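This report refers to the structure that appears directly beneath it.
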Amino acid sequence: MQKRTTATALALAASVLLTAALPAQAKAGSPGFYGTKTTYAPQQDLRTYEQAPEGFAPVFTETVSRHGSRAASDSEDGDLILALWEKARSEGQLTRTGEGFGSEVRSLLAAMDRIGYGQLGGRGEREMRDTAARLRQRLPGLFSKIVDDSERIDVVDSGKDRAVDSGTLFAEALAEGDPAVGPLISPARTDPDLLYFHKSAGGEEYRDYVENDERLAATLDAIIEQPATHTAARGVLKKIFKPAFVKRVSAGEFASIGTEVEAAQAVHALYAIAPAMADEGAWNMKRYIAPRDARWFAYLGDAEDFYEKGPGFTGSDITYKMAGVLLDDFFEKIEAKRAGTSDVGAELRFTHAEEIIPLAALMGLPGSTKQVSPARPFTYAGNPWRGSSVAPMAANIQWDLFRKGNRYLVRMLYNEKQTAFKQGCEPVAKGSYFYDVDELERCFDRTTP
């Protein structure tokens, strides 16, 4: 959670806090309460997809995927909480449960250091390979056509190691399923403007919003400074430290190390990343945080992502309009295939949560359609947005193009679940997940009147 300390922001935060209907306790987001660190699971059985209308055959597929499960970006959270833990240990202020906390955190940090902070773990590698295998299983006819017609499979990444590695693993898994596919996979290319747009030139206005918008700062301050946050923080710390030590942390005695909230957030961050590292070791971080407290800190993380990357404030598209470059690319690849100007049979893109979350909002995907006003901030009770379902590790969006004669249909999968396009787009039949390309062009306003 970012620190926001300007006098103006704090003043506005107090005002928002007085008027906002914020819950005393957030409702459950998902089992585990890991937010966007949630490990991946496909959301639909392969055998239950709607069949394409009679006579239609797949001719193209395109995806955008978040990288697989990874280590934490750095050791900051572990370093913070270990510094407090060492202080408490030296004074005999650890609980019986807390006595084992330090060695468990050190073991987790050592495992992340071995694979590299921010890099894929074994679970993340498997997520990529398994997702690729299911893609081939869903569209066997398409990959046969790609081989028969010597079409290309294009792999594009953000340039960041975990996205590059995810693309490599995905492509390797496709080739392992059919050796004839291997030679058709083009060398991966990097396109940060497309797949790291929040840090590219197109994200300049967005970055200014995140860094300088006073309404955003005030809202996030108001959310985090609720009494429930401090109650949950003390609940987390009491699992590890004796009550007298927790009181000293809460009183600010160790502010040079971290506040009570920062310390509790560090514990939650380690708890949330541990499942992503399951192949590298066995950690039971759940013993150090009660479900209700894990739920609250997952809510705080989701609130920040909601306002900084997701649907955000009513009447504003600053958090997601920059994803238009990626949505445009989806349409352009479909249009080129329909026009007969593309020899690409599959377009595979590998990116990050910072791109998946705004794209989901721009596309109007389930859970990403409801904005909030400053007077009625984001809560679990009042909004369906959850990082665990919008952008878990290895999250993916897929469009499959089907052809019959001169007519083309598109089916969308979101985390491998067949998903309707946004409100206002009409499928070929009521309840169907297939849409005419012309209809998608119309409802996404890509046609000239």
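Restricting attention to region 271-297, the residues being closer than 17 Å to HIS230 by Cβ and of a type outside the set (Val, Ile, Thr) number 7. Return yes or no: is ALA394 under 25 Å from ALA132 (Cβ atoms) and either of a type in the set (Val, Ile, Thr) or part of a loop (DSSP other than H, G, I, E, B) (or both)? The answer is yes for ALA394. Beta carbons closer than 6 Å, at least 6 apart along the sequence or on distinct chains, pair a first residue in region 134-151 that is within 17 Å of LEU348 (Cα to Cα) with a second that is part of a helix (DSSP H, G or I) and open to solvent by less than 40 Å² (accessible area, probe 1.4 Å) for ARG136/PHE143. When region 302-315 is filtered for residues that are open to solvent by 10 Å² or more (accessible area, probe 1.4 Å) and outside any helix (DSSP H, G or I), the ones remaining, listed by number, are LYS309, THR314, GLY315. Looking across region 52-67, the residues that are open to solvent by 10 Å² or more (accessible area, probe 1.4 Å) and either out of contact with any helix residue (DSSP H, G or I) (no Cβ under 8 Å at 6 or more places or on another chain) or of a type in the set (Asp, Glu) (or both) come down to ALA52, PRO53, GLU54, GLY55, PHE56. Out of contact with any Leu (no Cβ under 8 Å at 6 or more places or on another chain) and open to solvent by less than 80 Å² (accessible area, probe 1.4 Å): does that describe GLY167? So GLY167 fails the test.
Give region 274-324 a look and list any residue that's aliphatic (A, V, I, L, M) and within 16 Å of the chain's Cα centre (by Cα), or say none. Residues satisfying the conditions are ALA276, ALA298, LEU300, ALA303, ALA323. Restricting attention to region 364-382, the residues that are open to solvent by less than 40 Å² (accessible area, probe 1.4 Å) and either in contact with a strand residue (DSSP E or B) (Cβ under 6 Å, 6 or more places away or on another chain) or within 19 Å of THR229 (Cα to Cα) (or both) add up to 6. Taking the criterion of being surrounded by 13 or more Cβ atoms within 10 Å (Cβ to Cβ) and either free of Cβ contacts under 8 Å to residues at least 60 places away in the same chain or more than 24 Å from GLU347 (Cβ to Cβ) (or both), the residues of region 33-51 that qualify are PHE33, TYR34, GLY35, THR36, LYS37, THR38, THR39. Restricting ARG106, ARG123, ARG70 to those that are among the basic types (Lys, Arg), in contact (Cβ under 8 Å) with a residue 12 or more places away in the chain, in contact with a Gly (Cβ under 9 Å, 6 or more places away or on another chain) and loosely packed, with under 15 Cβ neighbours inside 10 Å reduces the list to ARG106.
Of the helices (runs of 4 or more DSSP H) lying entirely inside region 71-178, those containing at least 3 residues that are within 28 Å of the chain's Cα centre (by Cα) are 76-90, 101-115, 122-138, 161-177. Of all the criteria given as (1) closer than 21 Å to LEU82 by Cβ; (2) free of Cβ contacts under 8 Å to residues at least 60 places away in the same chain; (3) not in a loop (DSSP other than H, G, I, E, B), the one not satisfied by ALA282 is (3). Restricting attention to region 354-362, does a residue exist that is assigned to a loop (DSSP other than H, G, I, E, B) and under 24 Å from VAL437 (Cβ atoms)? Within region 354-362 (the criterion being assigned to a loop (DSSP other than H, G, I, E, B) and under 24 Å from VAL437 (Cβ atoms)), the answer is no, since none of the residues qualifies. Scanning region 243-301 for residues that are aliphatic (A, V, I, L, M) and open to solvent by 40 Å² or more (accessible area, probe 1.4 Å) yields ALA244, ALA251, ALA255, ILE257, ALA278, ALA282.
The values are calculated or read from the model by the stated rules, or taken from the named source; none is laboratory data. Quick caveat: nothing in here was measured; it's all calculated off a predicted structure. For neighbour counting, all protein chains shown are included, and Cβ atoms are generated from backbone atoms with ideal geometry for every residue, glycine included. For the accessible areas, the whole protein counts, side chains as well, though only heavy atoms, and no ligand, DNA or RNA atoms are used. Shrake-Rupley method; radii C 1.70, N 1.55, O 1.52, S 1.80 Å.
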